[in-house]
Each structure stands twice: as C-alpha cells, then as structure tokens.
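Heads up: the structure comes next, in structure tokens.
Any read-out appearing in this document is the output of simple, stated calculations on the displayed coordinates, not a laboratory observation. All values reported here derive from a predicted model rather than from experimental measurement. Every residue, glycine as well, gets a Cβ built from its backbone with ideal geometry; the counts of neighbours run over all protein chains shown.
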Amino acid sequence: MNRLGILISGRGSNFEAIADNVAAGTIDGEIAVVISNRAEARGMVAARQRGLNAIAIPSKGLDREVYDRMLLEELRRHSVDLVCLAGFMRLLSATFIRAFPNRVLNIHPSLLPAFPGLDAQHQALEHGVKISGCTVHFVDEYLDAGPIILQAAVPVLDHDTVETLSARILAEEHRIYSEAIRIVLAGRYATDGRRVILR
Ligand code: GAR
C-alpha cells in the first residue's frame, strides 16, 4: 500500500480533498502522517478528527537543513513513500529532495511559471491576466519550479476579487491534486527533460 505524507501550514483544504479520495478508495494509498510546520494550523484539527497521525514540527527559528532533517526523520518513521505539499509554505533543501527523488509533489494556485511564490492569485489580478489556474508539479529545491504534472485553467472575471478568484482556482486544485497523485502512484508518466509525458 502506498504511504502518503502530507505537509501543510494552514487551512488544509487540499489535504482534506486528498483524504476524501483516500477514504473513498479513489486514491490507491493511505495517509501515513500529516505534518504541519505550524502547530495551530487549521488542517491539524481536521486531520485529528479523521483519526490520522497529525504531527506538528514547528519551523520557527530553525535552520533549513536542521528542519528538513527533522521532517525526513518523521517521514521515514512513518515509512512514507510519496510526500504531498498541500499549502506547505516552506522551501525544501536539496538534501530533502534527494531523499525522495520524483516523490515530492506540490500544488500552486497559478499557471506556473507565472506567479510563483506568495499570493499568486493577487499577483494574477494585479497583472491583469484573463486566465489563471493551478499547477501540480514535482518539487525541486527551487521555488514553485519543478516539472509540471497537471494544470487546470480558470477564467479571471472583470469583477473578481482575490477571494472569488481563489475560490474558483481552489475547486480545480482539489480536483487535479488527487488526479496527479493517482498518475504518480500508478507510474503513468515518463519524463523527457522538464516534460512530464502522461500515458
Ligand atoms: C492553496 O491555494 C495552495 O495552492 C497554496 O496555498 C493554499 C493552501 O490552501 N499553495 C501555495 O501558494 C504554495 N506556493 P489549503 O491549506 O486549504 O490547501
């Protein structure tokens, strides 16, 4: 059975969408552990309510290498073989990435490479794009930069606010993250440089 480790920092709605699919049997795996770098993250409450292992590893004041070693230890302790960043707002070190080659995924609320980093939906509105969306990608040590597995586009409407655009994008996030997890767990892809070819 595939063992997922979910890393969160906040609300945890992407984690919950994944957990729903795991519970429904539409993702062939189990959630071995949910880890948050913020003890007070709302997603931790949801994880505990679902009876999952929910572990806070506060990152404040810790050196990246030190923190990432703590993360790796916890993930290994739970025999995790796929790491899913779900609103986990930290960069991971090269050491971490090397420990899970092609086994760390992230979701980002823009059509990368547009608008990496914080407040992607705000960035999209400010720039005036007419289409935005979300991206699931393999994680490397750079910010929102690894090979793209799936994207979904949504329109940006004239009357949109950050809230309305974020909600439209989030519905797509919840859909494509689980789909990307299915693809990766089933090995239904090949890579050609940066290109992830689905099959
Ligand atoms: C999501 O919109 C996710 O794409 C974004 O944070 C939100 C977390 O929501 N992630 C990033 O911006 C990463 N660069 P959630 O906690 O409800 O899943």
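Observations on the structure shown:
- Which of SER9, SER79 has the fewest Cβ neighbours within 10 Å, and the rest in rising order: SER79, SER9
- 5 angstrom amide H check on SER36, placed H, neighbours 5+ away: ILE8, ILE55, ALA56, ILE57
- Cleavage-rule hits, trypsin sites (Lys or Arg not before Pro), the stretch 93-144, DSSP coil, Cβ neighbours within 10 Å at most 15: LYS130
- Pairwise label distance in nanometres, ILE131 with ALA186, each label 7 Å out on the Cα-Cβ vector: 2.6
- Note on VAL45 and MET89: the extension gain reaches 14.0 nm, defined as 0.36 nm multiplied by sequence separation minus the Cα-Cα distance.
- Count Lys and Arg as plus one, Asp and Glu as minus one, and take only other residues whose Cβ is under 14 Å from that of LEU143; the net charge is then -2.
- Gained length - GLU73 relative to HIS159, 0.36 nm times residue gap less alpha-carbon distance: 26.3 nm
- Net charge of Cβ neighbours under 13 Å - reference ASP119; Lys, Arg +1; Asp, Glu -1: -3
- Taking the helices alone, the chain has a mean residue ellipticity at 222 nm of -11000 deg cm²/dmol, built from -39,500 (n - 2.57) per DSSP H run of at least 4 residues and averaged over all its residues.
- Computed over every Cα-Cα pair of the chain and binned at 5 Å starting from 0, the pair-distance distribution P(r) comes out as 1, 8, 16, 20, 21, 17, 11, 5, 1, 0 percent.
- When both the stretch 149-199 and the stretch 15-40 are represented by their alpha-carbon centers, they are found 18 Å apart.
- Residue list for the stretch 81-121, given a label point 7 angstrom along the Cα-to-Cβ vector of LYS60 and an amide N cut-off under 17 Å: 89-90
- Sorted ascending by nearby beta carbons within 10 Å, beginning with the fewest, PHE100, PHE15, PHE138 become PHE100, PHE138, PHE15.
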